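Each value in this text was obtained by applying a stated rule to the coordinates, not by laboratory testing. Note that this is a predicted model, so its numbers are computed, not measured. With ideal geometry, Cβ positions are generated from the backbone for all residues, glycine too; neighbour counts draw on all protein chains shown.
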Amino acid sequence: MDDGLIAGMAVVGIKFRDNIIFVPEVLVAARAMKAGMAHVEPILSASGIAPIGTVVMGTVKGDLHDIGKNLCIMMLRGAGFVVHDLGVDTQPDEFIDEVVDKEADILGMSALLTTTMPNMGRTIEAFEEAGLRGEVRIMVGGAPLSEEFADDMGADGYGKDAMACVDLAKEFVSQTGVETAVAAG
């Protein structure tokens, strides 16, 4: 996995970041990664190798775009995270329920529409009201977002692309001591 799937996706991520390849090529690579992971996951489960963290991901309420989120999910899984995908148009209470149910270390929220970006802040407020804000690290991403927007809404971090998402998630688990295995990086 380290020398094949993860190394390959790392190259894809770098080429995407450097504008050498584009979303269609990344999607093809992600499909190949998913197909490879289908064969590798049973072996990993049987070997007892622990995941490095648990992530809940979803596109916020009102937004139906998921290409970026799906790329992040594939890259996170390739890096050794267990990822639970809530899909699109996700309500704040759905995020809360899944984070609690899965005992997630990290919550990732995505938005592509500027009109749905405020729903990220509303979800963070819902975590605060539920008394769970200190239990999970929250990262956000999406084309119209910025570091400043993420800071203003109270997110713990912002990822501009799938590679930044993985780097941020790794940073979060290393800060909290959640990490139980070292991912290639």
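Within straight-line reach of Lys61, meaning a Cα separation under 28 Å, sit the following lysines at least 8 residues removed in sequence or on another chain: Lys34, Lys69, Lys102, Lys160, Lys170. Annotation: the residues Asp101, Asp66, sorted from fewest to most other C-beta atoms within 10 Å of their own C-beta, follow the order Asp101, Asp66. Amide H contacts of Phe81 (H built 1.01 Å from N, in plane; Pro and chain starts excluded): Ile52 sit under 5 Å, all sequence-distant by 5 or more or on other chains. For the range 95-144, the Kirkwood hydrodynamic radius from C-alpha pairs, put into Stokes-Einstein at 37 °C and a viscosity of 0.692 mPa s, yields a diffusion coefficient of 291 µm² per second.
Rounded to the nearest 0.05, what FRET efficiency do Arg31 and Glu147 give with R0 = 30 Å and r taken as the Cβ-Cβ distance? Could you check? Step by step, r from the Cβ atoms, then E = 0.45. Helix content alone sets the calculated 222 nm mean residue ellipticity of the chain: runs of n ≥ 4 DSSP H residues at -39500 (n - 2.57) each, divided across all residues, give -16000 deg cm²/dmol. Only helices reaching 24 angstrom along their own axis (Cα) with mean Kyte-Doolittle hydropathy no lower than 0.0 count here, and for the DSSP H runs of the chain these are 23-47.
Extending 7 Å from the Cα toward the beta-carbon at both Asp101 and Leu113 defines two label points whose distance is 2.5 nm.
Note on the range 51-176: with charges restricted to the Cβ of Lys and Arg (+1) and Asp and Glu (-1), its dipole about the Cα centre is near 380 debye. Straight-line reach from Lys15: taking Cα to Cα under 13 Å and skipping same-chain neighbours fewer than 8 places apart, the aspartates and glutamates in range are Glu25, Asp161. For the chain, just say rounded, prolate or oblate: build the C-alpha gyration tensor, square-root its eigenvalues into a ≥ b ≥ c, call rounded for a/c under 1.5, and beyond that prolate if a/b exceeds b/c, oblate if not. Here the chain falls in the oblate category.
List the relative contact order of the chain as a percent without decimals, with contacts defined as Cα pairs under 8 Å and 6+ residues apart. The normalised contact order for the chain reaches 24 percent. Per-residue packing, averaged as other Cβ atoms within 10 Å, sorts the ranges 150-160, 52-62 into the order 52-62, 150-160, beginning with the highest. In a DSSP loop and with at most 16 other Cβ atoms within 10 Å, the GluC sites (Glu not before Pro) in the range 77-122 are Glu103.
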